[in-house]
Amino acid sequence: MCGIIGYTGKPDVTASLIGGLEKLEYRGYDSAGIALAVRGGISVIKSVGRISQLTDKLKDVKLSASCGIGHTRWATHGKPTEINCHPHLSFGGRCAVVHNGIIENCRELHKLCELRGITPVSDTDSELIAHLLELNYDGDALKAVRKTSEMLKGSFAVGALFADRPEEIYAFRRLSPLLVGVGEGYTCLASDGCAAEAKDVYVMGDGQYARLSPSGAEFYIRGRRAAVKKISGFGTGGGGKEGYEHYMLKEILEQPEAAARTIEALQTKRLRGELLMLGCGSSYHAAMSAIPLAEQCTGKPAHAITAGEFICSVRTGGRGRTAVLISQSGETADTVSAAHEAEKRGWTTFGIANVQKSSLTRVCRRYALTHAGPEISVATTKGFTSQVAALAAMLATGSLREEVRKLPFAIERALNTDDAAAAAELFKPGRAAFFIGRRTDLAVALEGALKLREITYIPAFGLSAGELKHGSISLIEDGMPVVLIHTDPALKDKSLLTAATVKARGGTVIAVTHDEEVAAFADLALRLPPVHPLLSSAVSVVPLQLLAYHTAVRLGTDVDKPRNLAKSVTVE
């Protein structure tokens with residue numbers, strides 16, 4: 001989940017590093033730092049908290065450098081402390097590293113370091129990489145990089161400095177993504193395209209390592225020069241908040257256009273046959289929401305499970321079936337691993353991502369792109385609705401195809417929900433809430449609960465309305481908010497019965513619906529425009545996004561950068 005940036009050949013590399021780290025903020029982080037190649041060695045400056053705190057710390061540091069690396073950290077091994085923050089220096093101060101990924105054999109490597117008389121000072125697995133580089137360094141940096149990378153098990157993208165090579169950055173990767181950009185008089189390193197603004201951008205291949213200098217980059221694999229492909233298609237980040245208080249609100253309001261662009265681009269693509277849809281978090285919810293539509297339009301069974309569970313599942317063959325893998329960034333580690341696993345099992349793989357040259361689109365045999373544009377807020381909104389729109393566009397048949405084209409207009413009408421701010425007053429810190437629904441509405445209930453949890457830290461539970469009475473109803477007490485999503489006329493009687501059951505136990509029912517009878521029975525209604533129930537998730541989720549947003553603003557949480565979360569989860 002960490003962000004990596006590096007530049008060599010920049011006159012004021014500190015400013016460039018800070019600018020690159022700011023572009024990586026959307027990934028989520030709890031600390032940040034930089035390492036500069038300066039006369040006499042390597043200087044490391046790092047800080048817990050936001051990049052602005054690192055910038056404040058740098059005001060008292062007067063250093064001139066043209067080569068350096070930077071990092072935003074999302075804690076995995078070790079708490080978010082300054083000692084655990086990257087970059088990490090080796091025991092002799094000759095090497096500094098930034099690392100994204102997880103080293104699975106870190107205990108073994110820790111013992112190796114101790115046997116060599118090295119006592120790591122942090123709780124991280126990443127520090128061990130710096131020590132190994134220095135242990136393996138005999139004046140040949142490429143040799144040290146290769147040897148070190150071969151000692152590591154797990155996933156890693158690493159940027160490294162050597163004190164006696166002040167104009168060079170060394171990079172190596174396995175599984176975790178890493179880009180190299182070559183510009184006029186400088187070369188840069190980045191963990192994603194948002195930070196790689198150079199004219200020519202290259203994706204390092206799995207197992208490759210590289211030497212970066214102001215004049216360009218050399219790529220290697222197993223001791224020989226390696227070829228890499230020059231690519232395009234990466235965004236350079238959002239265009240700012242454009243007057244909005246938060247990116248999340250801006251992105252909620254961008255959903256009609258994002259859905260329209262996606263539907264228009266994918267109207268000729270088709271998903272058919274027996275489908276297994278895989279994703280994580282909101283992408284999994286998007287997959288779930290499309291199952292009833294897929295089964296009706298293909299006449300075949302369709303299923304959705306989380307990508308992480310698929311990796312661990314029994315290895316049944318997939319011949320004749322399609323695995324649809326969904327990830328906003330295209331870099332979600334579980335989803336990319338699931339794509340590799342599906343290929344091994346003989347599945348046809350089809351990726352859906354918002355980034356063209358991502359790991360997922362490179363793994364899958366076929367892919368489709370959503371056209372959401374850059375999404376900066378950690379909690380996805382337009383990313384989710386664009387995924388739903390993409391699935392609808394590729395699955396719908398007959399008259400449903402015309403209904404799909406109407407979705408952007410329905411989303412725009414749903415944005416005019418007047419009561420979301422009023423409903424937000426019902427949610428209190430530390431007090432639980434339920435989000436319930438059936439079929440397509442169940443996926444929206446899960447997504448609505450996730451949005452509230454993510455940015456307000458309120459314990460919100462999403463579950464099937466039919467499951468409420470099987471245990472969870474014991475939690476309902478006076479005033480507890482229960483959000484009921486109802487868009488399917490065939491389930492009206494069940495929805496009314498569920499609402500009555502909740503009210504009989506003192507719960508407060510908030511209905512998200514276009515049905516007037518259900519709305520009238522509820523304590524408060526967030527009204528929707530009429531929409532086909534098989535396509536409704538792109539529309540019914542909108543009031544829930546606004547509900548979560550208004551609740552977070554009222555509680556004063558960090559809406560765009562909620563605690564402990566990363567935008568792109570690039571470790572398993």
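The values are calculated or read from the model by the stated rules, or taken from the named source; none is laboratory data. Predicted model only: the values in this text are computed from it and were never measured. As a convention, Cβ positions derive from the backbone with ideal geometry for all residues, glycine included, and neighbour counts pool all protein chains shown. These accessible areas exclude ligands, DNA and RNA; they are computed on the full protein's heavy atoms, side chains included. Shrake-Rupley method; radii C 1.70, N 1.55, O 1.52, S 1.80 Å.
Taking 7 Å steps out from each Cα toward its Cβ at I305 and R505 produces label points 3.0 nm apart.
Accessible surface computed residue by residue for segment 215-369, with neighbouring protein chains in place and a 1.4 Å probe, gives 45 Å² per residue.
For the chain, the relative contact order is 13 percent, taking Cα pairs closer than 8 Å that sit 6 or more residues apart in sequence and dividing their mean separation by the residue count.
Applying the Karplus relation 6.51 cos²θ - 1.76 cosθ + 1.60 with θ = phi - 60° to segment 471-484 yields 3J(HN,Hα) values of x, 5, 4, 5, 7, 6, 9, 3, x, 5, x, 10, 8, 9 Hz, where x marks Gly and Pro. Solvent-accessible surface of protein heavy atoms, probed at 1.4 angstrom with all chains present, puts L17, L63 in the order L63, L17, largest first. With a/c under 1.5 counting as rounded, go ahead and sort segment 309-406 into rounded, prolate or oblate using the C-alpha gyration tensor (a ≥ b ≥ c being the square roots of the eigenvalues; past the cut-off, prolate if a/b is larger than b/c, else oblate). Since a/c reaches 1.5 but b/c is at least a/b, the shape of segment 309-406 is classed as oblate.
For the residue pairs K147/K230; K10/K382; K57/K79; K23/K241; K269/K382; K153/K230, the C-alpha atoms sit more than 24 angstrom apart in K147/K230; K10/K382; K153/K230. Helix 13-23 and the longest principal axis of the C-alpha atoms of the chain enclose an angle of approximately 20°. For the residues M151, M248, a 1.4 Å probe over the protein chains yields an accessible-area ranking, largest first, of M151, M248. Counting protein heavy atoms only, segment 22-146 has 49 percent of its accessible area on carbon and sulfur, 1.4 angstrom probe. Computed with a 1.4 Å probe over protein heavy atoms only, the accessible area of K46 comes to about 40 Å². The residues neighbouring P292, those whose beta-carbon lies less than 12 Å from its own, together hold a net charge of -1 under the Lys/Arg +1, Asp/Glu -1 convention.
Ordering F521, F156 by accessible surface, largest first, gives F521, F156; the 1.4 Å probe counts only protein heavy atoms, with every chain in place.
Rounded if a/c is under 1.5, else prolate if a/b beats b/c, else oblate: with a ≥ b ≥ c from the C-alpha gyration tensor eigenvalues square-rooted, which is the chain? Judged from the Cα gyration tensor, the chain comes out prolate (a/c at least 1.5, a/b above b/c).
Quick check: the angle from helix 106-115's long axis to the longest principal axis of the chain, C-alpha only, nearest 10 degrees? The helix 106-115 is inclined about 20 degrees to the chain.
Packing, as the average of other Cβ atoms within 10 Å across residues, places the peptides 300-307, 454-461, 399-406, 332-339 in the order 332-339, 454-461, 300-307, 399-406, highest first. Simple rule: put +1 on each Lys or Arg Cβ and -1 on each Asp or Glu Cβ in segment 1-155, find the dipole, and look at S47, H99, L21; the Cα lying farthest toward the positive end is L21. For segment 118-131, backbone phi angles converted through the Karplus equation (6.51, -1.76, 1.60; θ = phi - 60°) give residue-by-residue couplings of 9, 10, x, 9, 10, 9, 8, 6, 5, 4, 4, 4, 4, 5 Hz, Gly and Pro being listed as x.
Calculated accessible area for segment 78-142 comes out at 44 Å² per residue, all protein chains present (probe 1.4 Å; ligands, DNA, RNA ignored). Paramagnetic label reach from E274 (point 7 Å along Cα→Cβ; backbone nitrogen cut-off under 14 Å): within segment 330-358, residues 346-348. With N the number of residues in segment 1-129, Rg(Cα) / (2.2 N^0.38 Å) evaluates to 1.03. Using Cβ point charges alone (K and R +1, D and E -1), the dipole size of segment 259-351 about the Cα centre works out to roughly 360 debye.
Of the peptides 290-296, 86-92, 523-529, the ranking by mean beta-carbon count within 10 Å, highest at the top, reads 86-92, 290-296, 523-529. Each peptide in 386-398, 548-560 was scored by the mean count of other Cβ atoms within 10 Å over its residues; highest first, the order is 386-398, 548-560. If contacts are Cα pairs under 8 angstrom and at least 6 residues apart, what is the relative contact order of segment 252-363 in percent? Computed value for segment 252-363: 25 percent relative contact order.
Helix 382-395 and the longest principal axis of the C-alpha atoms of the chain enclose an angle of approximately 70°.
Here each label is just a point 7 Å from Cα along the line to Cβ, and for T119 and S313 those points are 5.0 nm apart. Once both labels are positioned 7 Å from their Cα atoms along Cα-to-Cβ, the gap between D419 and T397 label points is 3.9 nm.
Quote to one decimal, in nm, the extra length available between K229 and R405 on full extension: 0.36 nm per residue of separation minus the C-alpha distance between them.
59.7 nm
Rounded to the nearest 20 debye, the dipole size of the chain about its Cα centre is 1500 debye, using +1 on the Cβ of Lys and Arg and -1 on the Cβ of Asp and Glu.
Give me the dipole magnitude in Debye, nearest 20, for segment 433-564 about the Cα centre, with unit charges on the beta carbon: positive for Lys and Arg, negative for Asp and Glu.
Value, rounded to 20: 200 debye.
On segment 434-572, 53 percent of the accessible area sits on carbon and sulfur atoms, based on a 1.4 Å probe.
Based on C-alpha pairs under 8 angstrom that are at least 6 apart in sequence, segment 415-554 has a relative contact order of 30 percent. Projecting the Cα atoms of A490, S149, G471 onto the charge dipole of the chain, computed from C-beta unit charges around the Cα centre, puts S149 farthest toward the positive end.
What segment 449-572 shows is 37 Å² of accessible area per residue, with the surface traced by a 1.4 Å probe over protein heavy atoms. Take the Cβ-Cβ distance between Q356 and K428 as r, set R0 to 60 Å, and report the resulting FRET efficiency rounded to the nearest 0.05. Efficiency, rounded to the nearest 0.05: 0.90.
In this structure, V61 and K147 have a Cβ-Cβ separation that, at R0 = 30 Å, corresponds to a calculated FRET efficiency of about 0.35.
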